[in-house]
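First up is the structure itself, then whatever we jot down about it.
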Amino acid sequence: MAEVLVVTSGKGGVGKTTSTAALGVALAQSGQKVCVVDFDVGLRNLDLVMGAERRVVYDLINVANGDVRLQQALIRDKRIENLSLLAASQTRDKDALSEEGVRRCIGELREKFDWVICDSPAGIERGATMAMRYADLAVVVTNPEVSSVRDSDRIIGLLDSKTMKAERGERMEKFLLLTRYDTVRAGRGDMLSIDDVLEILSIPLLGIIPESEEVLRASNLGSPVTMSNAKSAPARAYNDAARRLRGETVPMTIPNARHPLLTKLFGRRAA
Amino acid sequence: MKLFQLFTGRRSAPLARERLQILLTHERGTTGQSGLIAMLREDILAVIAKHVEVAPERVEVRLERGDEVAILEINVEIPDVVARAAMARERGGRAA
């Protein structure tokens with residue numbers, strides 16, 4: 001049975017699309033059949049980050065409205081065979097997403113894939129609530145920064161009330177993915193630490209992605225960081241997170257993107 | 001400035017953490033993490049308002065989620081004068 005995962009945050013620019021692409025690639029590389037789905041109707045970008053922007057013909061809205069079959073809209077990754085993309089529509093707006101259409105589309109995706117990863121738009125409006133609606137579990141992407149933590153707290157509230165799972169009285173599984181983390185600054189007390197964020201949001205930690213220039217490089221190339229430079233610090237962190245999603249126990253380390261010596265002096269390890 | 005900070009040891013992260021903790025405790029109660037809390041809050045407020053005048057922002061309803069059980073915490077702040085008047089009325093009622 002497939003797992004439907006929503007990558008969400010409330011706040012924009014924290015790394016939802018980057019994380020969706022990187023986790024999608026990591027899971028696909030481990031042999032899982034994966035589809036990444038862009039729910040950011042009107043502001044699609046997952047196609048660009050995945051390097052498939054010139055191959056989009058049909059999109060999520062077309063499938064949800066029943067204009068085309070799912071198979072016609074799926075874009076197969078050219079580098080990894082068992083990885084597909086379902087793009088968002090660029091010309092419509094989020095109100096075009098019908099709940100029934102999304103339900104049917106997710107249902108079909110469940111039959112074809114092991115993992116369906118829904119890239120949520122920022123905000124708490126229709127696009128975001130539709131992206132989380134049929135999810136089995138959620139990854140809450142958060143930066144160690146006050147506005148991001150506040151918005152994540154709000155999103156956690158929505159995950160516990162507005163999803164099908166919550167409405168059925170089931171427990172919505174939620175995991176924290178801390179991105180753009182800077183061990184040195186956190187160690188100096190200039191940035192919220194992992195413990196601070198975990199204590200405030202009180203959901204289990206899935207991974208810590210260090211601030212790294214590799215992330216921008218990857219999006220420039222249209223090749224998710226887990227594919228473009230698998231040995232880089234953020235790629236290793238995403239790979240560990242993907243293994244944890246699959247139920248493996250992986251020790252929580254903070255892959256280092258900055259000066260190793262400085263981090264040894266000031267850094268600390270996650271619990 | 002940076003050198004100065006190094007000596008005084010004034011770091012911004014602890015302040016960020018404290019501000020968030022205060023803010024989120026408040027927001028979880030008022031913006032409503034679920035429809036249930038919002039409904040409870042409204043009904044509780046209506047019941048109290050029948051007897052005592054109380055400002056809506058003085059009613060705090062929180063739901064603390066634990067692993068096994070959730071605890072519903074209701075805090076109603078009643079102005080001192082109102083509370084005293086109510087107690088006086090009760091005493092008067094009993095005496096009569």
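Coordinate-derived values only; no laboratory data. Predicted model only: the values in this text are computed from it and were never measured. Here Cβ is always computed from backbone atoms with ideal geometry, including for glycine, and neighbour counts include all displayed protein chains.
Some observations on this one:
- Shape call, region A:2-73: gyration tensor on alpha carbons, a/c limit 1.5: oblate
- Around A:Asn229: net Lys/Arg minus Asp/Glu count, Cβ-Cβ under 9 Å: +1
- Counting, for every residue in A:189-195, the Cβ atoms of other protein chains within 10 Å of its Cβ and taking the mean gives 4.
- DSSP beta bridges in the protein assembly as shown [antiparallel fraction, %, rounded to 5]: 25 percent
- Given +1 at the Cβ of Lys and Arg, -1 at the Cβ of Asp and Glu and no other charges, the dipole of the protein assembly as shown around its Cα centre is 840 debye to the nearest 20.
- Taking every C-alpha pair closer than 8 Å and separated by at least 6 residues, the mean separation divided by the residue count of region A:40-103 gives a relative contact order of 44 percent.
- Relative contact order (percent, whole number), region A:10-123, Cα cutoff 8 Å, 6+ residue spacing: 40 percent
- Whichever lysines have a C-alpha closer than 25 Å to that of A:Lys162, once near sequence neighbours (fewer than 8 apart) are set aside: A:Lys11, A:Lys16, A:Lys94, A:Lys174
- Listed by chain and number, the aspartates and glutamates whose C-alpha is less than 19 Å from the C-alpha of B:Lys50, apart from same-chain residues fewer than 8 away, are B:Glu42, B:Glu60, B:Glu77, B:Asp80, B:Glu90.
- Whichever lysines have a C-alpha closer than 19 Å to that of A:Lys33, once near sequence neighbours (fewer than 8 apart) are set aside: A:Lys78, A:Lys112
- Remark: relative contact order (chain A) = 23 percent; criterion is Cα-Cα distance under 8 angstrom and separation of 6 or more residues.
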